[in-house]
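To start, the structure itself, in structure tokens.
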Amino acid sequence: FLFAPAVEVKIEVVIPEKERSKEEMSPNGKASPLLYKVNGTARHYHLEEHPIASNPYHNPKDVVEASVCHVKDLENGQMREVDLGCGKALLIKENGEFHAVGHKCPHYGAPLVKGVLSKGRVRCPWHGACFNISTGDIEDFPGLDSLPRFQVKIEKEKVYIRASKQALQTQRRTKVMAKCISLSNYNLSSTNVLIIGSGAAGLLCAETLRQEGFSDRIVMCTMDRHLPYDRPKLSKSMDSHPEQIALRPKEFFRSYDIEVLTEMQVAAVDVKNKTAVFKDGFKMEYNKLLIATGNTPKALSCKGKEVENVFNIRTPEDASRVVKLATSKNVVIVGASFLGMEVAAYLTERAHSVSVVELEEVPFKKFFGERVGRAVMKMFESNRVKFYMQTEVSELREQEGKLKEVVLKSGKVLRADVCVVGIGAVPATGFLKQSGINIDSKGFIVVNKMMQTNIPGVFAAGDAVTFPLALRNNKKVNVPHWQMAHMHGR
Ligand SMILES: Cc1cc2nc3c(=O)[nH]c(=O)nc-3n(C[C@H](O)[C@H](O)[C@H](O)COP(=O)(O)OP(=O)(O)OC[C@H]3O[C@@H](n4cnc5c(N)ncnc54)[C@H](O)[C@@H]3O)c2cc1C
Ligand code: FES
């Protein structure tokens, strides 16, 4: 794998007169996806039907064309950021062919030129999302959007890129999606697709259906107060407003007719009658069901567990409440897991004191071994974090109902105004106990490689499932990761 050298590139900007054909410029390489109707028939739909991803090359004034380098400036396997005057593109040469796509990862904006180019794909250097260099399509996660793809031509040994100015600015492309065309037959309590859970798995499923041209009703329900958001950010930028970490804006759901029912908990699923029963008694019939309910964090089971100001970090409300209570106060974090250590890192500068209580000798021992764990611990200690290792909490003491002290089995008493618990999670599948859906002894929903459960028409995905992993000879595993939830949802 080669990394592109930093080279300055001279550019000439030319605005061409002639508008190219729309077919040629189709941004995702698919000229006309299928649109499915309620009765099962299908017709092709066109970009004009798509309200957001209108053809970016429609108006020649919106397009820029520039000569970006000589053909010999790039070796095979090299990538280079090139500036077109009103934005940059990533120019790639592989197997003698040039490709140009957006240069920033649509996930968190990493410079893709620092990523890895291999076999027609560029992999993001930060979290590993993968993009097809010919189409710009996202092929591995995390992230929702693809890269814009730009046209490349060679004339007199010079490489030219033709690009939409808007795409150069946004550096992202939402794939073409269908809308619902059956709203006239609207029946509040019946949907074609019901998705329980609006995390990464649920959202990816809804988006993929629309991308594939599915044009019947999709309803997604969640216990959350908010539209789908970036859950991993809760422990990394804890006082973010829910809108700042939203995965998609409100208008997106409206544009593509993806209905989201917030604060709606499903209490049971009746697979015989294809009905989900909500906690408030409301019932919804479905044709196909996806269960993507994630997991539920474990709580402490010690004496005093019901005192106030003890939190799991699961929602934006949990995270912002912890920050508020911890500012200039004493925080005890139970569990030196990824979540616990991220919270410790975030709070060190804000809290008066941060203490971490853990059963193991060092953090991350299971994942990275003792040496790395000890190095991490040292780094945190130099940032005022105190560790209490190989012990656990025996009691939470209160004053006027609020947490005051955390008592450890070792006998140590820690002053505490707020406590964050990160000691693992269990699958959020309790409501399926009587459903007939196959659940294993740990509570995970058992699915095959197509994410199908034992009940026809019922699928499951994300943290809540155990699935056959090809890398491990199809052994059933649970991988509670953001990326994996994306993959399952797709
Ligand atoms: C604080 C935090 C930080 C994390 N950081 C990382 C990280 O850095 N990297 C990483 O890979 N992973 C991280 N994770 C894990 C990652 O967030 C999960 O793997 C991912 O969110 C799983 O997605 P999911 O769609 O399966 O479920 P979730 O995102 O958990 O979503 C589940 C959805 O189901 C809904 N739901 C549950 N039960 C019901 C019900 N009965 N009725 C209706 N709705 C229901 C919930 O309200 C929610 O909308 C983190 C998790 C947390 C909590
Ligand atoms: S920034 Fe590229 S995968 Fe996260």
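Model label points for K475 and D270, set 7 angstrom from Cα along the Cα-to-Cβ axis, are 4.1 nm apart.
When the Cα positions of I437, T135, L90 are compared along the charge dipole of the chain, I437 comes out farthest toward the positive end, with charges on each C-beta of Lys, Arg, Asp and Glu. Applying the Karplus relation 6.51 cos²θ - 1.76 cosθ + 1.60 with θ = phi - 60° to the range 167-172 yields 3J(HN,Hα) values of 5, 5, 6, 7, 6, 8 Hz, where x marks Gly and Pro. For the chain, the solvent-accessible area with a 1.4 angstrom probe is 49 square angstrom per residue. Helical content alone sets the calculated 222 nm signal of the chain at -4500 deg cm²/dmol, taking -39,500 (n - 2.57) per DSSP H segment of four or more residues and averaging over every residue. Annotation note: chymotrypsin sites (Phe, Trp or Tyr not before Pro) in the range 134-240 located in DSSP loop regions with a Cβ neighbour count of at most 13 within 10 Å are Y186. Taking the chain as a whole, the Cys residues whose C-beta sits 4.7 Å or farther from every other Cys C-beta are C69, C86, C130, C180, C205, C221, C302, C419. Convex hull volume of the C-alpha atoms in the range 116-163, normalised per residue: 87 Å³. Sorting the segments 384-391, 283-290 by their mean number of nearby beta carbons within 10 angstrom, highest to lowest, gives 283-290, 384-391. DSSP beta bridges confined to the chain are antiparallel in about 65 percent of cases. Modelled spin labels at N383 and K402, positioned 7 Å past Cα toward Cβ, are 2.7 nm from each other. Centroid-to-centroid, using Cα positions, the range 212-234 and the range 62-123 are 33 Å apart.
Each residue of the range 222-229 was assigned a 3J(HN,Hα) from its phi angle through the Karplus curve 6.51 cos²θ - 1.76 cosθ + 1.60 (θ = phi - 60°); the sequence is 8, 7, 5, 7, 10, 5, x, 9 Hz, with glycine and proline shown as x. To put it simply, the accessible area of the chain at a 1.4 Å probe is 50 percent carbon and sulfur.
When the Kirkwood radius is taken over all Cα pairs of the chain, what Stokes-Einstein diffusion coefficient follows at 10 °C and 1.306 mPa s, in µm²/s?
63
Please find the FRET efficiency linking K250 to E317, where r is the Cβ-Cβ separation and R0 is fixed at 25 Å, and quote it to the nearest 0.05. My answer for the efficiency is 0.85.
Across the alpha-carbon set of the range 310-423, the Rg to Rh ratio works out to 0.95, Rh being the Kirkwood radius. With R₀ fixed at 35 Å, the C-beta to C-beta distance from V277 to K298 puts the FRET efficiency at about 0.85. Each Lys and Arg Cβ is given +1 and each Asp and Glu Cβ -1; about its Cα centre, the range 310-423 then shows a dipole of about 220 debye. Extension gain, R225-E157: 0.36 nm per intervening residue step, less the Cα-Cα distance, totals 18.8 nm. Evaluated with a Cβ-only charge set (Lys, Arg +1; Asp, Glu -1), the chain carries a dipole of roughly 720 debye about its Cα centre, given to the nearest 20.
The values are calculated or read from the model by the stated rules, or taken from the named source; none is laboratory data. As the structure is a computational prediction, the values presented were derived from the model and not from experiment. Cβ: placed from backbone, ideal geometry, glycine included. Neighbour counts: every protein chain shown. When the accessible area is computed, the model is the full protein with side chains, heavy atoms only, and any ligands, DNA or RNA have been set aside. Shrake-Rupley method; radii C 1.70, N 1.55, O 1.52, S 1.80 Å.
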